[in-house]
Amino acid sequence: MRVMAQMSMVMNLDKCIGCHTCSVTCKQAWTNRSGVEYVWFNNVESRPGQGYPRTYEDQDRWQGGWTRTRSGRLKPRAGGRIKKLLSIFANPKLPAMQDYYEPWTYDYEHLLTAPAGGTDTPVARPKSLLTGEDTKVTWSANWDDSLAGGNEIAAGDPVLRQLSDQVRQEYEKAFLFFLPRICEHCLNPSCAASCPSGAIYKRAEDGIVLVDQDRCRGWRMCVTGCPYKKIYFNHRTGKAEKCTFCFPRIEIGQPTICSETCVGRLRYLGLMLYDADRVGAAAAVKDEHDLYDAQRSVFLDPHDPEVVAAARAADIPDDWITAAQRSPIWDLIMKYEVALPLHPEYRTMPMVWYIPPLSPVVDILRDTGHDGEDLNNLFGAVDALRIPVDYLAGLFTAGDPGPVTGVLQRLAAMRAYQRRINLGEERDESLASTVGMTGQ
Ligand code: SF4
Ligand code: SF4
C-alpha cells in the first residue's frame, strides 16, 4: 500500500443557482490579465448545453483523456512519441477562440450617447477585448442558458397557458441545471502524460496538478490531452495555465476562492487518502461502467488503524490524517454514497465529484408539502424525475443508470426524513433503512 493524500472537492448540484459568483471571484484572483481574457479556471455551465469550450466532451474530436489498448494498457490519446514529435511541427487539436468565446466589453464611456435601442434605452455596442473593434457576439459560455431542453417548444409560442395540452406536456419536460467546473486535479492526469516538456506535475503532498511555467514550452499538447479542457493557453506569455486549487490559500488553511464565495454554499473541500499503487489498474478496468466502483476502490478508509499506520510511514503529518478523517468528501463519496465523478470514462480519475440534482419530480408533486419524496412512488418511477436519469448517467457513470438511481433514492430519502422533522411530524426511521442507511 502506497498512501498518498489528495485535495478534493464535492459539489451539490441541487444548490447551484448559476449566479457565477465563483467564476467572477476566481477570475479576479487568477486570470484578470491580458493573454487570458477568454479563460475561466472556474466556469458554470448550463445543462443541457454545449459546455465551455463548446462540445469539449466530444473526445473523438478533441482527442483528450486516455484510451485502453487491446492489451489492457492505457495510453493518452494526445500522447505517444509520434504525436508528441508531430506537435513540434503542427499544432495539436485545439478549440478555437470561437469555441471558448470571443471576450468582449462595452463602450461604457459612450454609453449615454449611444444610439437608442427599442424606444428609450441607449445601446452600447460590444467591443472585442482582443481587437478593440466592434464585435457581434454569436456565442459564449452560457449561450444555452435560457433554452434548456424546451428550446424547440419555446421557439414556437412562449405563452405557456395558450399552448395545447400536448405541447404543454412537452414543455413541462424541459429542464435546466448548472454544472460548475474547475480542473479535476485527477489522480491519473492525461494533461501531464501529454506534455512533451514534462512541465506538468502533481504535487506529492496534496495531489494538486500544476504547470511549471519555467519548463513549459507552449506545445499545447496538454490543452488537447485534458478531456475536461481545463488547461488554457496564454497567448501573451506562450505558456499553459490552469486552476491551481488556490494552493497558496490552501497552504495557510484557507478554502479556495470559489468555495469561499459560493452563494449556494455547495462546495465541500476535503482531504482524501488513496493507494497510489492501485490507481493504474483501476483506471484501466475494461468495462467503462466499472470505473465508478474502480475509482472508489483506490480510496483508503482514514479511520482504519492499518491505513493510519501506513500514512504515518509515508510521512503524512498527523494533522493531515485527522483532516482526512473529518473530510466531508469521504462521507459523501464512501459513507453516504451520494457523490459521483464527472465522466469517469475519460479514465483520468477526477477528484472533483458531484451530488447530482434530485430536481422536482414531475408526476409526484403532492398537496402535502412533500414534493418529490414519496419513496414508494419514486422507487417505481424514476422516469418521472424532471431531469432524466439517463442524462445524469451520461455525465456521471459512463451511461450506467444504476448508481445514479441509487444516489437519487438516497437523496429523496434524506429529504423526506428531514422534511418530516421540519414540518414537526414524527421521525420515520424506516426511510433510512429503505435505502440501507440505518444507523448513519
Ligand atoms: Fe489535468 Fe486538470 Fe485536465 Fe485532469 S482536469 S487532465 S488534472 S488539467
Ligand atoms: Fe453555483 Fe455557487 Fe458558483 Fe453561484 S457561486 S454559480 S451557487 S457554484
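Put in order of Cβ neighbour count within 10 Å, fewest first, the listed residues HIS185, HIS289, HIS110 become HIS110, HIS289, HIS185.
The order of the peptides 323-336, 4-17, 203-216, 126-139 by mean Cβ neighbours within 10 Å, most packed first, is 4-17, 323-336, 203-216, 126-139.
When each of the peptides 279-287, 340-348 is scored by how many other beta carbons lie within 10 Å of its residues on average, the order from highest to lowest is 340-348, 279-287. Largest first, the extents of the alpha carbon coordinates of region 245-314 on the three principal axes equal 39, 33, 20 Å.
Ordering 290-303, 414-427 by mean Cβ neighbour count within 10 Å, with the highest value first, yields 290-303, 414-427. The amide H of LEU129, built 1.01 Å from its N in the peptide plane, has TRP104, THR105 as neighbours under 5 Å, considering only residues 5 or more places off or on other chains.
The numbers here are math on the coordinates, done by the rules we state, and not lab data. Note that the structure is predicted; figures quoted are calculated from it, not measured. As a convention, Cβ positions derive from the backbone with ideal geometry for all residues, glycine included, and neighbour counts pool all protein chains shown.
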